[in-house]
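The values are calculated or read from the model by the stated rules, or taken from the named source; none is laboratory data. Bear in mind the structure is a predicted one, so any value in this text is a computation, not a measurement. So basically every Cβ, Gly included, is an ideal-geometry build from the backbone, and we count neighbours across all protein chains shown.
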Amino acid sequence: MLLPLFAALVAASTAVLIFAGGLVTSTGSGLSVPDWPSTYGWFMWAFPVSKMVGGIFYEHAHRLIASTVGFLIVVLAIWLGRAEPRRWVRRLGYLALAAVVTQGILGGITVLWYLPDAISIAHASLAQIVFCLTVTIALATSTGWKSGYIADPQGPRRIDDSVEAGLRSAKREGRHARLNTAPNDRTLQRVAIVTTAVIFVQILIGATMRHTGAGLAIPDFPLAFGDLIPPHWDSKIAIHFAHRVGAATVAVFIIATAGHVFAHHARRAELRRPAILLLVLLALQITLGALTVLSGKQFIINSLHVVNGALVLVTSLVLTLRAHRARFADTGSADAGSAQRDPVRGAGSRTRDDQGRSWTRRGARA
Amino acid sequence: MIRRLDVRSLVAAFGAAVALTSCGGGTTQTSAPAGSGAAPTAAADSAGASNVTGKVTFTGTPPKAAPIKLSSDPFCQNANPGLTAETEIVAPGGAIQNVFVYVKDGLGNRTFTAPAEPVVLDQKGCQYTPHVLGIQVGQPMQIVNSDDTLHNVHGMAKANKEFNTGQPIQGMKMTHTFSTKEVMLPFKCDVHGWMHAWVGVLDHPYYAVTGPDGTFSLKGLPAGTYTIEAWHETLGTQTQTVTIGAGETRDVAFAFKAS
Ligand code: HEM
């Protein structure tokens, strides 16, 4: 019970870290501490608070928060390694650990090498991947996920089309109808994956724009130099315009995904909620993006745009993963007889208990 | 800022930074401070001392000096209240300060030895003094932190090697030399984002920075035809060509307009 809570805490702290990182770039403080891993020669944690002046406040605070998150991820990886029955979740823990260590090193060398664009962009992008990993771990360890989002037979509100279809076919085949409310909706799965990928690409474009100083290359919004299409071009205007076209593309995909959820799975709360959230965050993100431009990159607005962008990404990721829930081997889904419906994991190699847990045989499989 | 990823300098910088004494590419030594470095030394082959003198003026309404928000560092707040941006300092009468005037072209293959006395760049009251300065390739630059706060000295060089060195303690000094000419090389303190200095690194001694009266003089030039450039951080550059005979002094005026 504690592990899911801790995993959620780690995910939340990663979001805080991304905000802190956004502040460093937005205030232009990246090089205010010239050395790394020390701070002006001090051991990081011994650097006096009274000396955290000017840009050092943001840069040093970012390092402290990052080390804390790094430490939390170490604990999480160890904890998962010892207590988590599912191998893929344990592996996600190790992967998150490797990613956050790499992230720290990228952050360090970008300082020592005076913020070369390529490394800074890689640092910004890997940050999003670390966040995706911690969110995925938090999701995979959550009770909802582990239960396979099983419908409450008494709760008809949660039954939707595909479930009803499943119920009917179960009845026909005379099976005991334990509901799997996370069936494979291929359309949803595909559109959700593409949406997540498009958002990630949009974030890469955003990072490139940010680190090449193209954030104000187009000074007006929603038009570009008073036109729909910029009347003149250079590389900065192009990357900036690409981010705006990207935003429109992201909007289309998010609306498509959410629309599909509302149309076909409106009663599946585990899909409906992230779909609603996604629309809200999208509106917020576009507003923050516009305000970033119109305020001339006010640093708090700018940083909120960065962190909210990350939230858009992970919300879409959560929706995607939940849409794929039925494909995970240990789904608590379905009736006991449907083990062979696990297309992804070698279902035959495991035994399950009533809740669909397969960990009893973990030792044997290892 | 778009910067090219230069693998060699990255590796060198990394090594230097690991040693935590990095000042990339330059040599770091201790040396005693000496007078103003902006005064050009005698040319190696000054046959008949010719001079170019002049004044840089500004026409139009000068922009109001923008106040700087110092609250992010209490030390600066107390040490230098009312500090304003030094971008365009125009005296009554239109004289403009902090213009770097130098011989851009015309010296041919002449070579000049670098003076041994250092040029001093001071960080005092969370401000660089001087704001604009010239130095010769190979001439030592002594960088001093006179403030009771932390500064990082970030030389954002393109032709020379970039460096970023911390001076967390009052009274700290470092000496840096530049290996190739670069006009202008910006200095920045990233702790105090408003702190900028501009350094003109040249391979000859014919440069000057205009003072409050807007005047400059380039002394001891050999006779010849020269391209003289006047550089200002926000107003841009202007060039003029002058021909001077041996022992002559020519007057050159530069006029910048409000943009
Ligand atoms: C809806 C999709 C959007 C997403 C997911 C998104 C995401 C991002 C992210 C993550 C960054 C920062 C990258 C980093 O450094 O880590 C960024 C930068 C930026 N975004 Fe967006 N953005 C979106 C829409 C918009 C819109 C509609 C605008 C309005 C023009 C906008 C304007 C900007 C600007 C100006 C920056 C660069 C800020 C700077 O230079 O510091 N974005 N975006």
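If I filter the stretch B:234-255 for residues that are charged (D, E, K, R) and within 30 Å of A:SER26 (Cα to Cα), do I get at least one hit? There is no residue in the stretch B:234-255 that is charged (D, E, K, R) and within 30 Å of A:SER26 (Cα to Cα). Inspection of the stretch A:219-230 finds no residue satisfying the criterion of being near the ligand (Cβ under 9 Å from one of its atoms), within 14 Å of chain B (Cβ to nearest Cβ) and among the aromatic types (Phe, Trp, Tyr).
A:THR27 falls short on exactly one of the conditions (1) within 14 Å of chain B (Cβ to nearest Cβ); (2) over 20 Å from B:LEU150 (Cα atoms); (3) β-branched (Val, Ile, Thr), and that condition is (2).
A:SER162 fulfils the conditions (1) at pLDDT below 95; (2) over 23 Å from A:LEU317 (Cβ atoms) except for a single criterion, (2). Being at pLDDT 95 or above and within 11 Å of the ligand (Cβ to nearest atom) is a description that applies to A:GLY246. Within the stretch A:297-319, the set of residues being more than 10 Å from the ligand (Cβ to nearest atom) and surrounded by fewer than 20 Cβ atoms within 10 Å (Cβ to Cβ) comprises A:GLN298, A:ILE300.
Exactly one residue among B:ILE68, B:ILE143, B:ILE135 is closer than 16 Å to B:ALA197 by Cβ, crowded, with 21+ Cβ neighbours inside 10 Å and within 14 Å of chain A (Cβ to nearest Cβ), and that residue is B:ILE143. Of all positions in the stretch A:264-278, none carries a residue that is within 14 Å of chain B (Cβ to nearest Cβ) and either surrounded by fewer than 15 Cβ atoms within 10 Å (Cβ to Cβ) or within 14 Å of the ligand (Cβ to nearest atom) (or both). Summed over the stretch A:269-300, residues that are part of a helix (DSSP H, G or I) and closer than 17 Å to A:ARG244 by Cα total 14. Mind listing whichever residues of the stretch B:176-198 are charged (D, E, K, R) and at the interface with chain A (Cβ under 9 Å from one of its Cβ atoms)? Result: B:LYS188, B:ASP190. Kindly indicate whether A:ILE129 is touching a helix residue (DSSP H, G or I) at 6+ places or on another chain (Cβ under 8 Å), in contact (Cβ under 8 Å) with a residue 12 or more places away in the chain and within 16 Å of the ligand (Cβ to nearest atom). The answer is yes for A:ILE129. Scan the stretch A:39-60 for residues that are without any contact (Cβ under 8 Å) to a residue 24 or more places away in the chain and more than 7 Å from every other protein chain (Cβ to nearest Cβ) and the total you get is 10. Flag: B:THR129 matches the condition of being out of contact with any helix residue (DSSP H, G or I) (no Cβ under 9 Å at 6 or more places or on another chain), without any contact (Cβ under 8 Å) to a residue 12 or more places away in the chain and more than 12 Å from chain A (Cβ to nearest Cβ). Before we move on, is A:THR110 within 16 Å of the ligand (Cβ to nearest atom), within 14 Å of chain B (Cβ to nearest Cβ), at pLDDT 90 or above and not in a loop (DSSP other than H, G, I, E, B)? Considered against the rule, which asks whether it is within 16 Å of the ligand (Cβ to nearest atom), within 14 Å of chain B (Cβ to nearest Cβ), at pLDDT 90 or above and not in a loop (DSSP other than H, G, I, E, B), A:THR110 comes out as yes.
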